Structure formats: structure tokens, C-alpha cells
Amino acid sequence: MTNYITSYCHILSDECWVNGKKIALQDSDDDITKQLYNYLEMDYPKFFKMDRLSKTAFLGAELIKNNNLALLNYKDDEVGLLFSNPISSAETDLNFLKSYQNGGMPSPALFVYTLPNILLGEIAIRNKWYGESVFTVSENFDAAYFLSYCNMLLNKCQEAVLCGWIKNNETFLFLVEKEDVNQLNLQLSLEQLNKIYLKKIK
Amino acid sequence: MQTFIGAENIISPLGITAEENFNSIKKNKSGIKQVEKIGFGKEDLYLSKINEENPKNFFYYLLSQCLQSIIKEAKPRIIEANDTIVIISTTKADILENLSSPMIQPVHQLIKEFKLKHTPIVISNACISGVLAMNVANDFIQSNTYKNAFVVGADIVSDFVLYGFQSLYAISDEPCKPFDKNKKGITLGEGAGGVLMSSDSTVFKAPFFEFVEGTSANDANHISGPSRTGEGLFRTVTKTLKLAGVDKENIDFISAHGTATIFNDEMESIAFDRLGMTNIPLNSLKGYFGHTLGASGLIETAICIQSLRNNVVIKSEGFDEIGTSKELNVLTQNLETEVHTILKTASGFGGCNASLIIRKL
């Protein structure tokens with residue numbers, strides 16, 4: 001069985017690359033997520049309620065979609081989501097903790113983001129995708145996990161799998177499909193995956 | 001190739017083996033008790049808590065004890081084998097002891113203590129984590145990536161999680177009453193649950209069962225509110241039945257999620273109505289264990305396996321009169337009957353839903 005990486009993107013602290021090509025962002029002191037939101041000319045008010053983890057994953061998914069419009073032709077339950085990171089929802093966890101310490105009240109708006117899989121929900125809601133979705137926590141980018149589980153899902157019930165490693169300043173997303181629709185000539189393999197991942201991550 | 005499942009374990013206020021837990025709930029004994037002044041506003045609240053105050057590293061203790069118990073029921077040294085993976089299911093691990101990275105340290109400890117060949121996979125997918133972890137294990141076994149999977153789920157009651165659910169007004173001021181007319185929300189619980197899954201039937205010491213299939217589906221609706229049409233639950237159950245090649249008529253019993261919040265239970269009733277499964281005997285075990293979050297899918301599946309062993313399905317504790325818009329066959333008494341095939345479901349924040357089917361061989 002041969003599957004293909006048909007798009008990929010890296011979101012770093014102040015730059016973003018799609019299929020290895022740097023995106024021309026306007027000079028700005030804004031957070032990279034705000035810059036990308038503007039770059040994508042989005043009008044999606046829910047975005048501003050999200051925590052940073054969800055925002056980053058959400059924008060990565062939008063960038064990949066922009067580059068792979070055929071993704072929208074799959075049936076609504078044929079696109080799977082496999083996402084992972086090393087620290088779960090630690091940033092929001094800390095903010096939620098702060099909300100009720102020192103005399104404050106626990107914030108329900110923060111609490112709902114104290115689960116890392118919420119970002120899967122945000123991407124599913126945006127695209128009306130009802131496919132399989134799994135969030136895992138691992139110390140490092142685990143190419144072997146993505147490789148084997150992607151192949152499994154494509155073999156079982158999915159036509160495409162969007163994968164993401166969502167870490168502050170070194171986010172990496174890639175789309176895997178059964179055909180090499182964008183002709184990037186990147187067969188899904190351990191070597192290829194590690195090579196592309198490391199392209200922009202120091 | 002089949003996937004087999006067995007060697008189940010549960011650690012809860014009701015006991016430290018699956019058998020102890022099953023015998024307690026068979027007598028309709030619940031682990032839920034009132035705990036004084038534990039709420040954010042120093043309210044007394046009902047919880048299914050193992051200790052009044054948890055010792056240090058209690059999360060890791062639960063994981064490691066649960067895994068140890070499964071190992072005792074497995075062929076020696078399987079845990080150290082090269083074709084064995086450990087899969088952990090948790091929502092928050094020991095969040096207050098290690099805020100910046102709660103899940104990586106327990107993984108390192110497990111590798112060291114159990115001499116694991118591969119780094120455990122941590123599934124953190126809200127309240128479907130446990131069911132999803134078994135589904136992932138099955139996928140790995142079916143694709144020959146691994147032969148054996150020890151799947152262990154644990155979560156503990158912390159101020160963090162309790163205050164969070166209180167902030168959502170989701171905590172009941174009495175023991176939870178899933179699917180009931182007078183339900184008032186969830187009761188939190190803590191504990192661990194685990195199973196061994198394998199393509200090799202000789203790894204089990206005691207009788208084992210078949211893990212037929214499992215899938216997941218997102219609601220694509222709202223991050224903290226269940227779909228009003230039960231779309232994700234409807235889709236995952238439909239998909240699991242189809243891939244398993246099992247007709248809904250052959251499902252003897254449904255172990256539902258049943259958190260006792262109005263929106264969740266209503267969503268489940270709508271999904272089961274759309275599925276044409278409202279006549280099938282069903283329960284929620286939250287009235288015995290509380291909602292143990294990342295452990296719940298594993299604890300409840302371990303009870304399902306006990307039901308297959310003993311041919312008894314357990315009354316849905318806290319339920320008197322139906323409180324959902326669609327009728328469900330919620331068990332008001334234990335049912336002694338030949339149980340062959342069971343459907344287990346779970347739903348959670350982030351719009352996630354999962355289901356699995358286990359049956360006798």
C-alpha cells in the first residue's frame with residue numbers, strides 16, 4: 001500500500017512555510033496566529049475564542065486546505081484527524097488554574113480548552129468533518145506512530161488523514177492521501193516524514 | 001485475524017480487581033459518597049473517591065497497580081516483549097503535581113518499572129479516551145504493528161477538574177441519576193481500568209473474548225455541547241456495526257455513556273432512537289463509579305467483560321423514571337440472561353464519540 005504526503009506546513013514563532021515555500025507575511029509585531037488569520041483573509045469569529053493551541057492547529061488546517069481544495073470533495077466522514085503534542089493543554093491549564101487562585105472564580109471559558117482534543121473539534125466544526133479523530137501526547141514528534149496509524153486509517157475507513165504536531169514555535173501539519181494529487185512526489189515513509197518535519201525545525 | 005480481549009482490571013473505591021468491583025455493583029453498591037467541604041465554595045459534594053486525600057504520585061500508582069494486575073493475568077514476560085505496546089488513557093493525569101507536562105513523566109516511569117521495549121502511547125481525547133485507546137489498540141493489532149496491547153486508563157479527582165465542572169454548573173448536588181427524570185448533572189469519580197488485547201489467544205490465563213471492532217466520529221457541532229441530533233454517536237455506532245458485520249438485532253446489551261447531564265443523556269437517547277436500538281437493555285455505570293473521565297471507558301468495558309463472564313447485566317444505578325425525550329430500555333433491575341454481544345459507547349467534549357463491540361467466542 002502506497003500513500004502520499006500531498007501537502008505540509010510548518011508554523012514557527014514568526015514565519016510559516018507551506019510545502020517548503022515561505023509564506024509572505026506582512027511585517028508585524030502581532031502573534032503569528034493573528035498574522036496568519038489576516039493572511040488567510042478569514043472571517044470566522046469563533047477563532048478569537050480559541051486558545052493558542054487550537055488557533056495554531058486550526059490555521060495549519062486552513063493553510064493545508066488552501067493548498068488542497070480537492071480535500072473538500074471527500075465525503076464528510078472520509079477525512080481523519082491525527083494530532084499530537086508533548087504538553088497536552090498545559091498553557092491553558094495554567095491560565096485556568098490562575099483564574100481561580102488568588103480569590104478569582106474558575107473560568108468556564110478557559111476550562112473547556114483544558115483538553116487538547118478540543119482542537120480536533122474546532123477543525124471538525126469548521127469543515128463539517130465527521131471522521132475518525134485521535135489526540136495523543138508524546139514527548140517528541142513520533143513519525144512511526146503517524147506513519148502506521150495513517151496507513152491503518154486509510155486502509156480501514158478514511159480517504160485522507162490530516163496530521164498535526166502542535167507545539168509552540170514548531171508546529172508541523174501534513175496531509176496524507178491515497179493518490180499523489182499535488183504531485184509533490186512524497187511517498188509516505190518514516191524517512192520522508194522525518195526529513196520533511198526537520199526541514200524547518202532546528 | 002481476530003483481536004482477543006481479557007485480563008480486565010478495575011481499581012475504584014469498590015475494590016482493586018474487576019471481580020471485586022463487579023460483585024459490589026451486582027449488589028447495587030455504589031462508590032459514591034458525600035465529601036465534606038470539597039467544592040470551590042466549600043460545599044459538600046458527592047464523589048466516588050478512593051482516598052479522602054490522595055497520596056503523592058497517586059495517578060502513577062493507579063496506572064502501575066492496574067498494569068501490574070493485568071500482567072498477573074497474562075502469560076509471563078509478555079509485557080517486556082518486542083511486539084507489545086502499552087496504551088495509556090487519561091484526560092488530566094497528575095495535573096496539579098506536574099502542570100507543564102503531566103503525561104510524559106509517568107510514561108518514563110512506566111518504561112523503567114516494567115522494562116518496556118516501546119514508549120507507551122498516551123491517548124488524551126476527553127471522555128472517550130478509554131474507548132478510543134482500545135480502538136487504537138485493535139487497529140495496531142489488526143495491522144500487525146503489535147501483537148499485544150496493554151491498555152490502561154486512569155484519572156484522579158483534583159480541585160482543577162472539580163472546580164472546572166462546577167464552573168460549568170455540571171455537578172449534581174446528589175449522586176448522579178443517568179437518564180432519569182430528576183437528573184441534576186454529573187458526579188465525578190476516580191480510578192483505573194485496564195485490559196489486555198492480543199491477536200494471540202494463548203497470552204490469557206483466564207477465558208477471553210473477542211474485540212470485534214471499534215470506531216470514532218466527531219459531532220462537528222460544538223466544542224462543549226453535545227449535538228442535538230446525536231450525529232457523531234449515530235455515525236460511530238453505524239460505522240462500528242457495519243465494519244464489525246454485526247446486525248443491531250444481535251446486540252444483547254448497551255453499556256452507554258450516561259453522564260446524567262440533561263444535554264448528554266438527551267443526545268444519547270436521540271442517537272439510539274435514530275439507530276433503532278431503544279429496545280435493547282442499556283445502562284450507565286456512572287451511578288456506581290461516578291464519571292472517571294479518561295478511565296471510564298476502560299472501567300465500564302471491564303465491567304462488560306465481567307457481564308459476559310457471569311451472564312448478568314447490571315441495573316442502572318440512580319435511574320427510576322425516563323427523563324429523555326426518547327424512550328430507552330434503561331435497566332431498573334439486574335438482568336440474569338445469556339449475554340453474547342455488547343456495544344460500549346462514549347461521548348465527550350470536543351464533540352468526540354466512540355463505540356466498540358465485544359462478544360463471546
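The values are calculated or read from the model by the stated rules, or taken from the named source; none is laboratory data. None of the values given here were measured: they were computed from a predicted structure. Counting neighbours? That spans all protein chains shown, and the Cβs are built from the backbone with ideal geometry, glycine included. In case anyone asks, the SASA skips ligands and DNA or RNA and just uses the protein heavy atoms, side chains included. Shrake-Rupley method; radii C 1.70, N 1.55, O 1.52, S 1.80 Å.
For the stretch B:209-359, the relative contact order comes to 39 percent (Cα pairs under 8 Å, sequence separation of at least 6). With r defined as the distance between the Cβ atoms of B:ASN23 and A:LEU25 and R0 fixed at 60 Å, what FRET efficiency is calculated, to the nearest 0.05? That pair, B:ASN23 with A:LEU25, gives E of 0.45. In terms of Cα atoms, the Rg and Dmax of the stretch A:4-198 work out to 16.6, 57 Å. Heavy atoms of the protein chains alone define the surface here; on that basis the protein assembly as shown has 37 Å² accessible area per residue at 1.4 Å probe size. Semi-axes of the equivalent ellipsoid of the protein assembly as shown are 35, 26, 23 Å, computed as sqrt(5λ) over the eigenvalues of the C-alpha gyration tensor in descending order.
Taking chain B as a Gaussian network of alpha-carbon nodes connected by springs under 10 Å, the highest mean-square fluctuation of the residues B:PRO55, B:PRO13, B:PRO281 belongs to B:PRO55.
Are there residues in the stretch A:70-98 whose accessible area shrinks by at least 50 Å² when all protein chains are included rather than the chain by itself, and which are they (probe 1.4 Å, ligands and nucleic acids not counted)? In the stretch A:70-98, residues shielded by partner chains: A:ASP93. Mind checking which of B:PHE319, B:PHE263, B:PHE272 has the largest fluctuation in a GNM of chain B, springs on alpha carbons under 10 Å? It is B:PHE263. Normalised by the number of residues in chain B, the mean separation of alpha-carbon contacts (under 8 Å, six or more apart) gives a relative contact order of 25 percent. Among the listed pairs A:LYS156/B:LYS117; B:LYS56/B:LYS183; B:LYS72/B:LYS360; A:LYS200/B:LYS239, those whose Cα-Cα separation exceeds 32 Å are B:LYS56/B:LYS183; A:LYS200/B:LYS239.
Every Cα-Cα pair of chain B was included, and the share exceeding 36 Å stands at 12 percent.
Could you tell me how far the Cα centroid of the stretch B:134-177 sits from the Cα centroid of the stretch B:272-299, in Å? Between the Cα centre of the stretch B:272-299 and that of the stretch B:134-177, the gap is 13 Å.
In the stretch B:1-71, the convex hull through the Cα atoms has an average projected area of 6.9 nm², a quarter of its surface area. Here the Gaussian network model covers chain A, with springs between Cα atoms less than 10 Å apart; of A:LEU154, A:LEU94, A:LEU53, A:LEU94 fluctuates the most. Burial of accessible area (probe 1.4 Å, heavy atoms of protein chains only) in the stretch B:119-147, relative to its chain alone, reaches at least 10 Å² for B:ILE121, B:VAL122, B:ILE123, B:SER124, B:ASN125, B:ALA126, B:LEU132, B:VAL136, B:ASP139, B:PHE140, B:SER143, B:THR145.
Among the trypsin sites (Lys or Arg not before Pro) within the stretch A:66-164, those in coil by DSSP and having at most 15 neighbouring Cβ atoms inside 10 Å are A:LYS75, A:LYS128. For the pair B:SER101 and B:THR229, the difference between a 0.36 nm per residue extended length and the Cα-Cα distance amounts to 42.4 nm. Once you have a ≥ b ≥ c as the square roots of the Cα gyration tensor eigenvalues for the stretch B:209-359, tell me rounded if a/c is under 1.5, and otherwise prolate or oblate according to whether a/b is larger than b/c. Cα axes put the stretch B:209-359 in the rounded bin. Pairs from the list A:LYS167/B:LYS92; B:LYS27/B:LYS205; B:LYS49/B:LYS286 with a Cα-Cα gap above 22 Å: B:LYS27/B:LYS205. With Cα atoms defining each centre, the stretch A:53-85 and the stretch A:1-19 are spaced 12 Å apart in the structure. Taking 30 Å² as the minimum loss, tell me which residues in the stretch B:190-223 lose that much accessible area going from the chain by itself to the full protein complex (1.4 Å probe). Residues shielded by partner chains are B:SER216, B:ASN218, B:ALA220, B:ILE223. With a 1.4 Å probe, what is the total accessible area buried between chains B and A, in Å² rounded to the nearest 100? Roughly 3900 Å² of accessible surface disappears when B and A pair.
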